[in-house]
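Each remark here refers to the structure printed beneath this line.
The values are calculated or read from the model by the stated rules, or taken from the named source; none is laboratory data. None of the values given here were measured: they were computed from a predicted structure. Positions of Cβ are generated from backbone atoms using ideal geometry, with glycine treated the same way; all protein chains shown enter the neighbour counts.
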Amino acid sequence: MTKWLDDDEQRVWRSFLTVSQVIQEELDRQLQRDSGMPHAYYAVLVRLSEAPERRMRMSELAGAVGSSPSRLSHAVARLEERGWVRRVPCPEDGRVSWAVLTDAGFEVLEAAAPGHVEAVRRCVFDRLTPEQVRRLDEICAAVLDGRGT
């Protein structure tokens with residue numbers, strides 16, 4: 001039997017969806033305007049920049065950025081065209097490819113990061129008190145801990 005959302009839950013759920021969409025759209029607009037890339041490409045570059053040797057298996061990278069393997073493959077192809085990422089075969093397993101952040105890609109990321117961080121602050125953190133930030137962290141952790149159940 002379905003346990004329907006009550007009025008408060010429905011209101012909160014719709015607010016959450018709207019906030020998520022507004023933030024994603026604003027971050028995407030800022031990155032497109034200032035750096036010529038969508039937010040999804042920025043997320044790929046960030047994850048690769050944080051990885052050992054600035055490389056990750058394509059399957060791990062897809063999971064890290066919350067993308068399907070096919071969508072990630074398309075994004076990496078566009079990033080390869082720009083010279084920001086290159087794909088290399090895994091020497092231990094020929095069925096596996098690595099995505100590697102190039103020096104040019106790292107430079108683009110370094111140039112894009114300050115504007116992106118300013119947009120994140122403006123959209124989220126400048127509007128919250130430290131207590132609200134702490135609670136938001138707890139809420140996000142609780143929702144993420146419940147994945148797959």
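Going by the structure shown, is residue 46 modelled with pLDDT of 95 or more and either assigned to a strand (DSSP E or B) or under 16 Å from the mean Cα position of the chain (by Cα) (or both)? Lay out the reasoning, then the answer.
Working: modelled with pLDDT of 95 or more: yes; either assigned to a strand (DSSP E or B) or under 16 Å from the mean Cα position of the chain (by Cα) (or both): yes.
Answer is yes for this residue.
Please determine whether any residue of region 130-148 is outside any helix (DSSP H, G or I) and among the β-branched types (Val, Ile, Thr). Quick ask: steps written out before the conclusion?
Just the residues of region 130-148 that are outside any helix (DSSP H, G or I), to begin with: 146-148.
The next check asks that each one be among the β-branched types (Val, Ile, Thr); those that pass are none.
So far as region 130-148 goes, no, none of its residues is outside any helix (DSSP H, G or I) and among the β-branched types (Val, Ile, Thr).
Filter region 74-98 down to residues that are of a type outside the set (D, E, K, R), touching a Lys or Arg at 6+ places or on another chain (Cβ under 8 Å) and under 13 Å from residue 41 (Cα atoms), then give me how many there are.
Filtering region 74-98 for residues of a type outside the set (D, E, K, R) gives 74-77, 79, 83-85, 88-91, 94, 96-98.
Applying the additional criterion that residues be touching a Lys or Arg at 6+ places or on another chain (Cβ under 8 Å) yields 76, 88, 90, 96-98.
After this cut, where a residue has to be under 13 Å from residue 41 (Cα atoms) as well, the list is 76.
The qualifying residues number 1.
So which of 77, 119 is touching a helix residue (DSSP H, G or I) at 6+ places or on another chain (Cβ under 6 Å), within 28 Å of residue 29 (Cβ to Cβ) and at pLDDT 95 or above?
Every option except 119 fails the conditions.
So, of the residues in region 51-94 that are of a type in the set (D, E, K, R) and either in contact with an Asp or Glu (Cβ under 7 Å, 6 or more places away or on another chain) or not in a helix (DSSP H, G or I) (or both), which turns out to be surrounded by the fewest Cβ atoms within 10 Å (Cβ to Cβ)? Lay out the reasoning, then the answer.
First, the residues of region 51-94 that are of a type in the set (D, E, K, R): 53-55, 57, 60, 71, 78, 80-82, 86-87, 92-93.
Among the residues that remain, those that are also either in contact with an Asp or Glu (Cβ under 7 Å, 6 or more places away or on another chain) or not in a helix (DSSP H, G or I) (or both) are: 55, 57, 82, 86-87, 92-93.
Values: 55: 18, 57: 16, 82: 14, 86: 15, 87: 15, 92: 6, 93: 9.
So the residue we want is 92.
Is there any pair linking a residue in region 112-135 that is closer than 17 Å to residue 20 by Cβ and in contact (Cβ under 8 Å) with a residue 24 or more places away in the chain to one that is surrounded by 12 or more Cβ atoms within 10 Å (Cβ to Cβ) and among the β-branched types (Val, Ile, Thr), with Cβ under 6 Å and at least six apart or on different chains, and which?
123/23
Looking only at region 1-50, filter to residues that are β-branched (Val, Ile, Thr) and closer than 26 Å to residue 98 by Cα; which one of those is surrounded by the fewest Cβ atoms within 10 Å (Cβ to Cβ)?
Looking at residues that are β-branched (Val, Ile, Thr) and closer than 26 Å to residue 98 by Cα, I get 46.
Given the criteria polar (S, T, N, Q), at pLDDT below 95, touching a helix residue (DSSP H, G or I) at 6+ places or on another chain (Cβ under 7 Å) and loosely packed, with under 13 Cβ neighbours inside 10 Å, does residue 97 qualify?
Numbers: polar (S, T, N, Q): yes; at pLDDT below 95: yes; touching a helix residue (DSSP H, G or I) at 6+ places or on another chain (Cβ under 7 Å): yes; loosely packed, with under 13 Cβ neighbours inside 10 Å: no.
So residue 97 does not fit the description; no.
Here are the criteria: (1) over 26 Å from residue 140 (Cα atoms); (2) out of contact with any Ser or Thr (no Cβ under 9 Å at 6 or more places or on another chain). Tell me which single one residue 129 does not satisfy.
All conditions are met except number (1).
Of all residues in region 59-96, which are in contact with a Pro (Cβ under 7 Å, 6 or more places away or on another chain) and in contact (Cβ under 8 Å) with a residue 24 or more places away in the chain? If you could, list the steps in order and put the result at the bottom.
So the first thing to find is which residues in region 59-96 are in contact with a Pro (Cβ under 7 Å, 6 or more places away or on another chain), and the list is 59, 62.
Scanning region 59-96 gives a single hit, 59.
Could you tell me whether region 106-119 includes any residue that is more than 23 Å from residue 72 (Cα to Cα) and surrounded by 15 or more Cβ atoms within 10 Å (Cβ to Cβ)?
Yes: one or more hits.
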